[in-house]
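J.: First the structure, which I've put down as structure tokens, then a few questions once you've had a look.
The numbers here are math on the coordinates, done by the rules we state, and not lab data. These numbers were taken from a predicted model, which means no experiment stands behind them. As a convention, Cβ positions derive from the backbone with ideal geometry for all residues, glycine included, and neighbour counts pool all protein chains shown.
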Amino acid sequence: MNNTDIKRITPKNITDKEFFYGHKACAGCGGSIAVRLALKVLGERTFAVLPAGCMSAVGFIFPQMAFVNNAIISTFPGSASMASGVSVGARALGLKDYKTVVFAGDGGTADIGLQALSGAIDRNEDIIYVCYDNEAYMNTGIQKSGLTPFGTKTTTTPAGKNIHGAQSFKKNMFEIMAAHEIAYAATASIGYPQDYIDKINRAKHTKGTSFIHVYASCPTGWGIPTETTVQIAKEAVDSGLFYLAEYQNRKFKLNKNPKSFFSAKDYLLKQARFKHLTDDDINIIEQQRDEKWEYMREHWK
Amino acid sequence: MNRPKVQKYVRPKHIDDYPVGPQFTAGHLSETNAAWRTFRPIIDKDLCINCLRCYIVCPDGVIFKSENKVDVDYDYCKGCGVCAYECPVDAIKMVKEELL
């Protein structure tokens, strides 16, 4: 599909309507920026499916309903299957011009919801799956998930004298999705909102399953001041610890290829969850980053 | 109407007043979030260049386009300060709320 003929959505022409409003997320929540912007791009005729996670916990508090479009809470492992059902059900009812979107956290995507998501991509259901990645199970009190990076202090991977936080590396969700030969997959960051809006817009105009992995900071779980939410998500990309890429028509594309990186040490030590890291730990993180980038620069042109 | 407004919640008196299943009206808000706030964002309209950066990055969507550049819905602003931090011309100041 040619992407150039899609009308670009910018802050000037994006709808003034708010579809995620009055929710009870923590001040400075990154996940709520991701949900809010995605719904503004997708519009009112969107069915949102949310598994257990922050965004369902803060949006659906009886008698409040923060979603202005249709929204439903699914089972934790079944968000992609419920979205598949909503999508084909609406088609069977003869509805036209609608979208189905899932907003799941990193745990609901990479750990618990992975098999349902894999099945939905296999059937190539017409759904958009947005994974807002705050790198741990934040809603239940900061436990380690499959997308928690190396060295992170969480309540299940505490930082002690011998073991410095999580010892496993971040699961490579984007490439796992791409390995399904999905119609469209992308990574984004709330630190680059225009890039994120463009990718949601591209997913909106893609027939078949789309997956967007958006890096969404969490002031509560990461131990950062609330006002730096967007800045820290930007620095994660600038320091090379998160990358902006797309997958379409069996091709990978790197959207941002910086010549030099912002200091990973500065990015990490700003956050309470990484404060305990020693220079050796940071070296491991930087070495892993450099290997990844070497591969991406060579293969994803 | 671009943003949902607060509606008074009437506690059901009879079993018939309850919703039939676990569903509820979309966009029904029964209370505000203003009491969460310690600092209030004040926009200096003379400095504002209307770049709409604050409008895009606000986690609560409380900054809206108005006749005079942008305004804040103080009923739902939680005072996180993202708008003031991201403003490229420092037109937004965070001012401490005072008890009335």
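J.: Over the range A:3-299, what is the mean sequence separation of C-alpha contacts under 8 Å (at least six apart), divided by residue count, expressed as relative contact order in percent?
T.: Numbers: 583 pairs, mean separation 49.3, N = 297.
Result for the range A:3-299 is 17 percent.
J.: Can you tell me the relative contact order of the range B:1-77? Whole percent, Cα pairs under 8 Å, sequence separation 6 or more. Don't skip to the answer; put the middle values down first.
T.: Details: 59 pairs, mean separation 21.2, N = 77.
Relative contact order here is 28 percent.
J.: Hey, another quick one. Within the range B:1-51, which trypsin sites (Lys or Arg not before Pro) sit in a loop by DSSP and count at most 10 neighbouring Cβ atoms inside 10 Å? Spell out each step's value before the answer.
T.: Details: sites: B:Lys5, B:Lys8, B:Lys13, B:Arg37, B:Lys45; in loops: B:Lys5, B:Lys8, B:Lys13, B:Arg37, B:Lys45.
Sites meeting the loop and neighbour criteria: B:Lys8, B:Lys13.
J.: Which three extents, in whole angstrom, do the alpha-carbon atoms of the range A:133-291 cover along their principal axes, largest first?
T.: 50, 37, 31
J.: Please arrange B:Tyr55, B:Tyr18 by how many other C-beta atoms lie within 10 Å of their C-beta, fewest to most. Write down the numbers at each step before the final one.
T.: Working: B:Tyr55 19, B:Tyr18 8.
Exposure proxy ranking, most exposed first: B:Tyr18, B:Tyr55.
J.: Still on this model: Going by a ≥ b ≥ c, the root eigenvalues of the Cα gyration tensor, does the range A:213-298 fall in the rounded group (a/c under 1.5), the prolate group (a/b larger than b/c) or the oblate group? Intermediate results must be reported in sequence, preceding the final value.
T.: Details: a/c = 2.42, a/b = 1.42, b/c = 1.71.
It is oblate, given that a/c is not under 1.5 and a/b is not larger than b/c.
J.: Placing unit charges on C-beta atoms (Lys and Arg positive, Asp and Glu negative, everything else neutral), compute the dipole magnitude of the protein assembly as shown about its Cα centre in debye, rounded to 20.
T.: Values: 49 positive and 43 negative charges, 110 e Å.
For this selection, approximately 520 debye.
J.: As an exercise, use a Förster radius of 22 Å and the Cβ-Cβ distance of B:Val95 and B:Lys5 to find the FRET efficiency, rounded to the nearest 0.05.
T.: On the way: r = 25 Å, r/R0 = 1.15.
Using R0 = 22 Å, I get an efficiency of 0.30.
J.: What is the antiparallel percent of DSSP beta bridges lying wholly in chain A, to the nearest 5? Walk me through the numbers before you get to the answer.
T.: Values: 10 of 35 bridges.
About 30 percent, rounded to the nearest 5.
J.: Can you list residues whose amide H is under 5 Å from A:Ala71's amide H, if they're 5+ apart or on another chain and H is modeled 1.01 Å from N?
T.: It is A:Ala48, by chain and number.
J.: If you filter the range A:135-182 for trypsin sites (Lys or Arg not before Pro), then keep DSSP loop positions with at most 12 other Cβ within 10 Å, what is left? Display every interim value, and only then the final one.
T.: Values: sites: A:Lys144, A:Lys153, A:Lys161, A:Lys170, A:Lys171; in loops: A:Lys144, A:Lys153, A:Lys161, A:Lys170, A:Lys171.
Loop-located and lightly packed - A:Lys161.
J.: Do any cysteines of chain B lack a neighbour Cys whose Cβ is under 4.7 Å away, and which are they?
T.: Within chain B, the cysteines lacking a partner Cβ under 4.7 Å are B:Cys48, B:Cys51, B:Cys58, B:Cys77, B:Cys80, B:Cys87.
J.: Sort A:Asp5, A:Asp16 so the one with the fewest other Cβ atoms within 10 Å of its own Cβ comes first.
T.: Working: A:Asp5 7, A:Asp16 11.
Lowest to highest Cβ neighbour count: A:Asp5, A:Asp16.
J.: Please work out how many pairs of lysine residues in the range B:33-96 are eight or more positions apart (or on different chains) and have Cα atoms closer than 17 angstrom.
T.: Working: B:Lys45/B:Lys65; B:Lys45/B:Lys69; B:Lys45/B:Lys93; B:Lys69/B:Lys93; B:Lys78/B:Lys93; B:Lys78/B:Lys96.
Counting lysine pairs in the range B:33-96 gives 6.
J.: Continuing with the same structure: Using helices alone, what [θ] at 222 nm do you get for chain B, with -39,500 (n - 2.57) per DSSP H run of 4 or more residues, divided over all residues and rounded to the nearest 500? Don't skip to the end; give the middle numbers.
T.: On the way: 2 runs with 10 residues, N = 100.
Rounded to the nearest 500, it is -2000 deg cm²/dmol.
J.: Given the range B:22-100, what whole percent of its Cα pairs are spread farther than 14 Å?
T.: Numbers: 1920 of 3081 pairs.
Across the range B:22-100, Cα pairs with separations above 14 Å total 62 percent.
J.: With angles folded into 0 to 90 degrees, how steeply does helix A:279-299 sit against the dominant principal axis of chain A? Use alpha carbons for both and round to 10.
T.: Approximately 50 degrees, to the nearest 10.
J.: May I pose another question? For the Cα atoms of chain A, what angle does the longest principal axis make with the long axis of helix A:79-92, in degrees from 0 to 90, nearest 10?
T.: Roughly 20 degrees, rounded to the nearest 10.
J.: Under the rule of at least 5 residues apart or a separate chain, name every residue whose amide H is placed under 5 Å from the amide H of A:Ala245.
T.: Residues meeting the criterion, in which the H sits 1.01 Å from N, are A:Thr187, A:Asn255.
J.: Work out the P(r) tail for the range A:3-299: percent of alpha carbon pairs separated by more than 26 Å, whole number.
T.: 41
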